[in-house]
Amino acid sequence: MTQPGAPDLPGYVHVYSGKVRDLYAPTLPDGEPDPDRLLLVASDRLSAFDQILDTPIPDKGRVLTQLSLWWFDQLADLVPNHVISTDVPDAVEGRAVLVRRLDMVPVECVARAYLTGGGLGEYRASGHVSGVALPDGLVDGSRLSEPIFTPSTKAPQGQHDQPMPYADVVAEIGPDRAAEARDLTIAILARGNEIAAGRGILIADTKVEFGIDGDGGIMLADEVLTPDSSRFWPADQWHPGRPQPSYDKQFVRDWLLTESGWDKNSGDAPPSLPDHIVEQTRDRYVEAYARLTGASL
Ligand code: PZK
């Protein structure tokens, strides 16, 4: 079966699709898939309330790919990355990257700089998040004194990642690799927020993925510090004590919940988005990219 939404790319074989991205392997002259390289393709698909909407957001895949590439450069002194080249088929120009195929670290490496989501729930229940004791009195959206590492398991598609005790990370990958992944994840989010501060965006938390190269060195893989892998908040609307608006998806969420007539608990697929919501949302992705990088698309 060919993946719905994943384009056929001459010279590549489709290997896997996530919710919004597709993975291919280049075909070698002998017709076999290249064991050392992958093509990572970002689509214009958008997920909201854990569902893929049927309405694409024009240029979303390009914005997220270019943003990730820009961050890889900003982080290059902290960690090497998997990027080989941006010379990709015309059909996916600007929204695909050729990368080294790595031995992926089987942990979702999450760091949090602000408290919300699952971390907030854990804190309310126990006063800790992922084994880190936090001070009393924190609320939804509170800034933490420093980012914390809150790893999670890689759940099969369609399931939610589960929080993973640090001891389980150590058991999976060993103490040295665990500490390296933890320290890098925290450093990546700290650097991200140093750069984003003053550019109107707070990065509440982020999920990164690491892989190990043929020499045993750790590399940053996947996408990095994009709105799909991170919570981006508009800095001027940050008010701890309530849920913060999402930089990129707030128009979609608000429209789905208040104007579309859709009931998110009905089991029905969400409706198609009207043009004005598509345009506002596209503008937000482009604006985030412009604010952070100073570049236009
Ligand atoms: C890899 N994913 C997630 C991303 C998808 C799925 N450099 C690498 N080497 C080996 N494997 C991966 C990577 C990377 N990045 C990434 N799964 C495997 C993923 C994009 C689209 F469908």
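The values are calculated or read from the model by the stated rules, or taken from the named source; none is laboratory data. Quantities reported herein were computed from a predicted structural model and do not represent experimental measurements. Neighbour counts run over all protein chains shown; Cβ positions are idealised from the backbone, glycine included. What goes into the accessible areas is simple: the full protein's heavy atoms, side chains included, and nothing from ligands, DNA or RNA. Shrake-Rupley method; radii C 1.70, N 1.55, O 1.52, S 1.80 Å.
Helices in the chain that qualify as membrane-span-like (whole DSSP H runs, Cα extent of at least 30 Å along the helix axis, mean Kyte-Doolittle hydropathy of -0.5 or higher) are 175-196. Think of it as helices only: each DSSP H run of n ≥ 4 in the chain is worth -39500 (n - 2.57), and spread over all residues that comes to -8500 deg cm²/dmol at 222 nm.
Rounded to the nearest Hz, the phi-derived 3J(HN,Hα) couplings of the stretch 129-135 under the Karplus curve 6.51 cos²θ - 1.76 cosθ + 1.60 (θ = phi - 60°) are 10, 6, x, 9, 6, 10, x, where x marks glycine and proline. Peptide packing for 205-211, 252-258 was compared via the average number of neighbouring C-beta atoms within 10 Å per residue; ordered from the highest value, the list is 205-211, 252-258. Dividing the convex hull volume of the alpha-carbon atoms in the chain by its residue count gives 148 Å³ per residue.
Counting Lys and Arg as +1 and Asp and Glu as -1 over every other residue whose Cβ lies under 11 Å from the Cβ of residue 286, the net charge comes to 0. Taking a Cβ cut-off of under 14 Å around residue 115, the surrounding Lys, Arg, Asp and Glu residues balance to a net charge of 0, with basic ones at +1 and acidic ones at -1. Here the translational diffusion coefficient of the stretch 54-111 follows from Stokes-Einstein with Rh set to the Kirkwood radius across Cα pairs; for 20 °C and 1.002 mPa s it amounts to 161 µm²/s.
For the chain, the solvent-accessible area with a 1.4 angstrom probe is 48 square angstrom per residue. Computed over the alpha carbons of the stretch 1-141, Rg followed by Dmax gives 18.9, 62 Å. Listed peptides 283-294, 132-143, 161-172 appear in the order 283-294, 161-172, 132-143 once ranked by packing, highest mean of other Cβ atoms within 10 Å at the front. Put simply, when 99-109, 82-92 are sorted by average Cβ atoms within 10 angstrom per residue, most first, you get 99-109, 82-92. Taking amide hydrogens as placed 1.01 Å from N in the peptide plane, the amide H of residue 81 sits under 5 Å from those of 220, each at least 5 positions away in sequence or on another chain. Other residues lying with their Cβ under 12 Å from the Cβ of residue 28 contribute a combined charge of -3, Lys and Arg counting +1, Asp and Glu -1.
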